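Structure first, commentary second.
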Amino acid sequence: MAGLLRSGLTLHTSLMLVHEQAPKQDVPTITRLIAGIEAGQSLSALFRQAQFHPFVPAIVRVGEETGDLADAFSRLGEHYQHRFEWRQKLIQSLIYPVIVAVLMLAVTIFVLYQILPRFESMYLDLGFALPPETQILFAVSARLRETFPSILLGVLSFSCLPFLLKKLAASRYPKASAVMFAIPGLKRVWRIWTSFRLADSIAVLTASGAPLLRALETCEQTAYFSWERKLIRQVKERILSGDTLTEALRAQRVDPMLVHAVRAAEASGDLAGVCRFAAKEFEGDLQRLLQRIVQLVEPMVIIGLGAFVCFLVLAVVLPMLQMVQSI
């Protein structure tokens with residue numbers, strides 16, 4: 001859209017061209033947008049009616065007020081492209097640990113249900129006295145076979161923990177989600193994440209020409225977590241009562257670097273530029289934190305798998321060696 005509008009085409013013509021090239025699942029939505037434009041409705045109102053992400057109608061509304069829709073769509077494209085790249089980095093960093101964990105689970109299932117029962121049956125048929133290690137292995141494996149479905153359900157539940165946290169945090173139970181995020185590690189991640197989203201959203205919205213209060217309203221609408229919305233609402237209320245943005249943020253649980261950055265922005269008059277810089281710094285902090293977690297998990301998974309295989313081989317082979325020595 002940004003390129004079409006900048007080339008001098010009207011909004012209606014640009015939407016018609018997008019309609020011709022759109023995937024089938026997007027055609028009905030674009031058709032409704034075209035019909036609304038022909039009926040005289042504003043594009044931002046149509047985006048709200050179509051239940052687009054609140055960030056989209058907010059930026060488009062600024063573009064309509066300033067008369068520069070091309071710039072608004074350009075900023076939207078850059079914003080979502082950046083979010084897409086960030087999501088791709090997150091997925092790529094998790095691929096290897098997830099593959100190793102899945103392989104470890106598959107090997108464990110195969111050994112528990114196919115290998116160990118056969119060796120146990122063979123040793124029992126031979127009537128040979130098993131060493132303590134092998135007895136422990138067979139006892140533990142029998143117990144695991146009984147409880148493995150419950151363990152697997154627990155592992156799957158734990159893997160869904162991030163989605164559960166997000167669901168709880170966005171639900172009507174802020175106290176439950178607040179207790180979950182009171183964990184020290186999660187609390188630090190939350191503070192950096194909240195500061196990053198707030199700085200990034202303010203930077204994009206104010207750079208587009210949106211007033212600060214409207215930018216904060218959009219941040220509140222797009223917040224994932226209930227206490228994130230509460231935080232932004234309190235910041236907005238303090239600004240309405242006469243506080244500066246720096247004073248309003250200092251009273252909340254945001255990262256101190258964001259407070260210092262906003263204070264510098266108020267002195268220089270470049271809120272969008274300073275918030276953009278702060279958002280990049282917070283993004284770097286999040287990436288480094290994620291790398292540390294991945295670097296910690298990878299060797300733990302590999303060491304755990306190696307220890308398991310080593311003990312398994314030792315416990316299974318040791319009776320064979322004892323039988324050979326007794327002959």
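None of the figures in this text is laboratory data; all of them are computed from the coordinates on show. Owing to the predicted nature of the structure, the values given are computational and were not obtained by experimental measurement. For neighbour counting, all protein chains shown are included, and Cβ atoms are generated from backbone atoms with ideal geometry for every residue, glycine included.
Which residues in region 272-304 place their backbone N less than 19 Å from a point set 7 Å from the Cα of Trp86 along the Cα-to-Cβ direction?
Those under the cut-off are 272-294.
Would you mind getting me the FRET efficiency between Val140 and Ser93? Use the beta-carbon distance for r and R0 = 30 Å, nearest 0.05.
For Val140 and Ser93, the calculated efficiency is 0.35.
What nm distance separates the two modelled labels at Leu152 and Ser268, each placed 7 Å from Cα along Cα→Cβ?
Computed distance between label sites Leu152 and Ser268 equals 5.6 nm.
Tell me, what is the FRET efficiency for Val294 and Gln41 to the nearest 0.05, using R0 = 56 angstrom and their Cβ-Cβ distance as r? Mind dumping the intermediate values first?
Details: r = 47 Å, r/R0 = 0.84.
Calculated transfer efficiency: 0.75.
Could you compute the FRET efficiency for Leu126 and Gln287, with r as their C-beta to C-beta distance and R0 at 45 Å, rounded to 0.05? Display every interim value, and only then the final one.
Values: r = 57 Å, r/R0 = 1.26.
So the FRET efficiency works out to roughly 0.20.
Provide, as a two-decimal number, the C-alpha radius of gyration of the chain over 2.2 N^0.38 Å, N being how many residues it has.
On the way: Rg = 28.6 Å, N = 327, 2.2 N^0.38 = 19.9 Å.
So the Cα radius of gyration is 1.44 times the expected 2.2 N^0.38 Å.
For Asp68, put the label point 7 Å out on the Cα→Cβ axis and report which residues of region 190-206 keep their amide N under 18 Å from it.
Residues 202-206 qualify, since their backbone N sits under 18 Å from the label point.
Give the angle, between 0 and 90 degrees and rounded to the nearest 10, that separates the Cα long axis of helix 27-38 from the longest principal axis of the Cα atoms of the chain.
Its long axis makes an angle of about 10 degrees.
How far, in nm, would the chain grow between Ala251 and Ser7 when pulled straight, counting 0.36 nm per residue and subtracting the alpha carbon separation?
Details: separation 244, 0.36 × 244 = 87.84 nm, distance 4.65 nm.
So the extension gain works out to 83.2 nm.
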